[in-house]
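The values are calculated or read from the model by the stated rules, or taken from the named source; none is laboratory data. These numbers were taken from a predicted model, which means no experiment stands behind them. Heads up, the Cβs are rebuilt from the backbone with ideal geometry, glycines too, and the neighbour counts pull from every protein chain shown. Accessible surface areas use protein heavy atoms only, side chains included; no ligands, DNA or RNA. Shrake-Rupley method; radii C 1.70, N 1.55, O 1.52, S 1.80 Å.
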2 protein chains.
Amino acid sequence: MTPISDRKRREIAEREETFLDLALRIVLEQGYVGLTMDKLAEATEFSKGTLYLHFKNKEDVICALLRRLQMVRLDLFQRASQLELPPRQRITALGLAAELFVRLYPENARIEPILKASSIREKASQERCDALDEVELQCFAAVLEIAQDGQARGDLTFSDRGSPEHMVTGLWSMHVGVNLISSVGCGPSQAGGEAFLQDTLYENGARLLDGYGWRPLSNEFDYRALREELLRTQFATEAKQLKLADSSTAPN
Amino acid sequence: MTPISDRKRREIAEREETFLDLALRIVLEQGYVGLTMDKLAEATEFSKGTLYLHFKNKEDVICALLRRLQMVRLDLFQRASQLELPPRQRITALGLAAELFVRLYPENARIEPILKASSIREKASQERCDALDEVELQCFAAVLEIAQDGQARGDLTFSDRGSPEHMVTGLWSMHVGVNLISSVGCGPSQAGGEAFLQDTLYENGARLLDGYGWRPLSNEFDYRALREELLRTQFATEAKQLKLADSSTAPN
DNA sequence: TAAAACAGTTGACGGATCGTCACTTACCCC
DNA sequence: GGGGTAAGTGACGATCCGTCAACTGTTTTA
């Protein structure tokens with residue numbers, strides 16, 4: 001209530017961001033197992049007790065970390081989904097956004113499966129989990145909306161088999177699967193390395209949409225050229241960050 | 001060398017299976033975090049020291065556990081891949097095998113992502129990891145072989161885009177992704193529950209192959225009927241285990 | 001047969017980490 | 001400046017991992 005206490009409150013809220021910054025650095029440097037609450041407390045120059053005022057437990061930290069990363073993805077997704085393009089072109093742009101996200105923030109690809117797989121959700125606070133789900137749901141919704149748009153325009157019909165939800169779940173699971181395989185860093189289908197996997201995802205995404213008959217099919221339109229154009233225009237900043245030469249370094 | 005020492009040796013080798021049985025039971029009952037070496041030692045009625053003669057560490061136990069489960073999958077896969085059917089029908093049979101495996105051994109679906117995601121591989125012994133990779137590679141190879149067969153017969157052509165490896169990686173990652181999402185038990189695309197996800201996988205697998213133009217396309221052949229037939233014949237045992245009525249309970 | 005050598009087994013222990021809580025410190029208001 | 005409240009601390013108990021010196025039972029040797 002008092003002015004001072006307001007300032008304090010703000011400080012505390014801002015501090016959380018710093019905590020997450022440091023947590024992320026530790027995870028990147030020493031891996032998920034390398035992140036301990038003692039270490040994090042020391043890095044923040046606060047005590048463990050204070051840390052536990054912000055986060056219910058270690059899993060809560062991871063949850064918060066992931067949410068922050070997912071917000072970035074959501075931003076990329078929404079930028080793609082708001083482009084003025086026909087639906088299938090737009091979903092291709094969104095695919096590019098997904099790829100850029102993975103390449104820009106590989107730490108996400110490493111953390112996400114960990115969080116999903118192990119029993120982190122069981123221990124993290126309900127609020128954090130909900131907050132995380134909300135972002136992911138919005139990402140999913142962004143994709144779904146495009147599919148429904150395609151259906152509305154008649155570029156895409158489902159007759160009696162499948163639905164926009166089916167199709168988008170297919171894209172989604174392929175994306176999740178590639179990330180998981182990619183983060184393992186060995187096993188089959190890792191022979192070609194990360195670049196091969198990303199290329200595979202791009203190609204298979206296109207083939208899946210072709211399989212649903214979403215016009216224009218991948219042999220009816222030069223999606224590769226669209227990709228290059230988007231990298232030069234809408235996603236120029238991201239492309240530059242990745243040092244992708246304008247047109248040459250596209251996979252395959 | 002002596003007869004007695006041989007008997008002992010055999011006993012020790014067999015003991016490992018028992019250890020894994022008990023470990024699996026604990027994981028199923030109390031989750032991955034519920035599995036402690038102390039608990040496992042107590043369950044085995046041996047001491048922790050003896051346990052550590054068999055396994056380098058806790059991660060090694062999980063690795064061994066997973067390998068044993070994967071061997072079952074491999075068996076199912078190979079049975080499917082040896083059926084006398086045209087390639088695309090055969091890969092559909094293999095898809096059914098994958099689905100049966102997940103439904104028969106849901107614990108695998110729960111353990112597999114955990115192992116892949118977290119840093120278990122970093123700690124488990126090299127031998128266990130290699131053994132595990134080997135099985136997975138064989139599974140992958142079984143699928144790949146069918147694709148190559150289809151290519152050889154001319155049912156499937158890649159022109160300049162894609163390859164059998166691309167395509168199979170697509171199927172693979174979709175499978176892995178669905179399992180991961182399924183094991184999380186919440187988030188988007190979980191709305192419909194596990195059955196929806198499996199159905200989605202089936203449908204999207206077919207659509208992906210359609211997208212590659214693998215004949216006969218899913219609207220040129222009654223794959224649903226093939227599925228029913230396989231459940232009655234080749235996979236009757238498994239279907240019975242799952243209490244799938246012969247023809248009625250197919251998803252969708 | 002007794003003693004020595006060996007293989008197999010044990011569980012107490014050190015080390016690491018988590019999460020808590022009784023206590024201290026800092027800040028504010030009167 | 002004194003009293004009250006909010007913020008912050010770090011020692012502590014609890015849990016779990018993985019080790020190793022000691023122990024037990026069996027085989028080999030003398």
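Would you check if there is a residue in the stretch B:125-144 being at positive phi and surrounded by fewer than 16 Cβ atoms within 10 Å (Cβ to Cβ)?
Scanning the stretch B:125-144, I find no residue that is at positive phi and surrounded by fewer than 16 Cβ atoms within 10 Å (Cβ to Cβ), so the answer is no.
Return the residues of the stretch A:24-45 that are closer than 19 Å to A:Glu112 by Cβ and within 16 Å of DNA strand D (Cβ to nearest atom); say none if nothing qualifies.
If the condition is that a residue be closer than 19 Å to A:Glu112 by Cβ and within 16 Å of DNA strand D (Cβ to nearest atom), then A:Gly31, A:Tyr32, A:Val33, A:Gly34 are the ones that fit.
B:Arg232: open to solvent by 40 Å² or more (accessible area, probe 1.4 Å), within 20 Å of B:Arg79 (Cβ to Cβ) and touching an Asp or Glu at 6+ places or on another chain (Cβ under 8 Å), yes or no?
yes
Just one of B:Leu180, B:Leu201 is within 24 Å of A:Ser183 (Cβ to Cβ) and touching a His at 6+ places or on another chain (Cβ under 8 Å); which is it?
Result of the check over B:Leu180, B:Leu201: B:Leu201.
Take the residues in the stretch A:203-214 that are assigned to a loop (DSSP other than H, G, I, E, B) and either more than 7 Å from every other protein chain (Cβ to nearest Cβ) or under 11 Å from B:Gly162 (Cα atoms) (or both), then tell me which one is least open to solvent (accessible area, probe 1.4 Å).
A:Trp214
Quick check on my filter: what residues within the stretch B:69-88 are over 10 Å from the mean Cα position of the chain (by Cα) and open to solvent by 10 Å² or more (accessible area, probe 1.4 Å)?
Within the stretch B:69-88, B:Gln78, B:Arg79, B:Ser81, B:Gln82, B:Leu83, B:Glu84, B:Leu85, B:Pro86 qualify.
Taking the stretch B:59-80, which residues are among the β-branched types (Val, Ile, Thr) and within 9 Å of DNA strand D (Cβ to nearest atom)?
Answer for the stretch B:59-80, where residues must be among the β-branched types (Val, Ile, Thr) and within 9 Å of DNA strand D (Cβ to nearest atom): just B:Val61.
Report yes if B:Ala93 is within 13 Å of chain A (Cβ to nearest Cβ) and either of a type in the set (Gly, Ala, Ser) or touching a helix residue (DSSP H, G or I) at 6+ places or on another chain (Cβ under 7 Å) (or both), otherwise no.
Against the criterion (within 13 Å of chain A (Cβ to nearest Cβ) and either of a type in the set (Gly, Ala, Ser) or touching a helix residue (DSSP H, G or I) at 6+ places or on another chain (Cβ under 7 Å) (or both)), B:Ala93 does not qualify.
Each row is one residue, and each column tells you yes or no for (1) within 30 Å of B:Gln138 (Cβ to Cβ); (2) of a type in the set (Lys, Arg).
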position: A:Gln190; (1), (2): yes, no
position: A:Asp199; (1), (2): yes, no
position: A:Tyr202; (1), (2): yes, no
position: A:Arg207; (1), (2): yes, yes
position: A:Gly211; (1), (2): yes, no
position: A:Ser218; (1), (2): no, no
position: A:Phe221; (1), (2): no, no
position: A:Leu226; (1), (2): no, no
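Looking at (1) away from every other protein chain (no Cβ under 14 Å); (2) in a helix (DSSP H, G or I); (3) within 12 Å of DNA strand C (Cβ to nearest atom), which one does B:Val33 not meet, given that it meets all the others?
B:Val33 satisfies all of (1) away from every other protein chain (no Cβ under 14 Å); (2) in a helix (DSSP H, G or I); (3) within 12 Å of DNA strand C (Cβ to nearest atom) except (1).
Among the residues of the stretch A:27-73, which ones are small (Gly, Ala, Ser) and in the same structural domain as A:Thr237 (by TED's automatic domain parsing)?
A:Ala64
For (1) out of contact with any His (no Cβ under 8 Å at 6 or more places or on another chain); (2) under 21 Å from A:Gln190 (Cα atoms); (3) assigned to a helix (DSSP H, G or I); (4) not aliphatic (A, V, I, L, M), each residue gets a yes or a no:
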position: B:Ile146; (1), (2), (3), (4): yes, yes, yes, no
position: B:Asp160; (1), (2), (3), (4): yes, no, no, yes
position: B:Met167; (1), (2), (3), (4): yes, yes, yes, no
position: B:Gly170; (1), (2), (3), (4): yes, yes, yes, yes
position: B:Leu197; (1), (2), (3), (4): yes, no, yes, no
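Might you let me know whether the stretch A:181-190 holds any residue that is surrounded by fewer than 22 Cβ atoms within 10 Å (Cβ to Cβ), at the interface with chain B (Cβ under 8 Å from one of its Cβ atoms) and under 16 Å from the mean Cα position of the chain (by Cα)?
Yes, there is a match, as at least one residue in the stretch A:181-190 is surrounded by fewer than 22 Cβ atoms within 10 Å (Cβ to Cβ), at the interface with chain B (Cβ under 8 Å from one of its Cβ atoms) and under 16 Å from the mean Cα position of the chain (by Cα).
Looking only at the stretch A:96-137, which residues are without any contact (Cβ under 8 Å) to a residue 12 or more places away in the chain, farther than 26 Å from A:Ala147 by Cβ and more than 8 Å from chain B (Cβ to nearest Cβ)?
Answer for the stretch A:96-137, where residues must be without any contact (Cβ under 8 Å) to a residue 12 or more places away in the chain, farther than 26 Å from A:Ala147 by Cβ and more than 8 Å from chain B (Cβ to nearest Cβ): A:Pro106, A:Gln126, A:Glu127.
Mind listing whichever residues of the stretch A:157-168 are surrounded by 23 or more Cβ atoms within 10 Å (Cβ to Cβ) and touching a residue at least 24 places away in the same chain (Cβ under 8 Å)?
Once the filter is applied, which keeps residues that are surrounded by 23 or more Cβ atoms within 10 Å (Cβ to Cβ) and touching a residue at least 24 places away in the same chain (Cβ under 8 Å), the stretch A:157-168 yields A:Met167, A:Val168.
Could you tell me whether any residue of the stretch A:123-145 is β-branched (Val, Ile, Thr) and over 13 Å from the mean Cα position of the chain (by Cα)?
no
Report whether or not A:Gly177 is free of Cβ contacts under 8 Å to residues at least 40 places away in the same chain, buried (at least 22 other Cβ atoms within 10 Å of the Cβ) and either within 9 Å of chain B (Cβ to nearest Cβ) or over 23 Å from B:Gly170 (Cα atoms) (or both).
yes
Looking at B:Lys56, B:Lys48, which one is within 12 Å of DNA strand D (Cβ to nearest atom), away from every other protein chain (no Cβ under 14 Å), within 25 Å of B:Asp133 (Cβ to Cβ) and of a type in the set (Lys, Arg)?
Within the list B:Lys56, B:Lys48, the selection yields B:Lys56.
Residue by residue, here is whether (1) in contact with a helix residue (DSSP H, G or I) (Cβ under 9 Å, 6 or more places away or on another chain); (2) modelled with pLDDT of 95 or more; (3) at the interface with chain A (Cβ under 8 Å from one of its Cβ atoms); (4) open to solvent by less than 60 Å² (accessible area, probe 1.4 Å) holds:
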position	(1), (2), (3), (4)
B:Gly150	yes, yes, no, yes
B:Gly192	yes, no, yes, yes
B:Leu201	yes, yes, yes, yes
B:Lys243	no, no, no, no
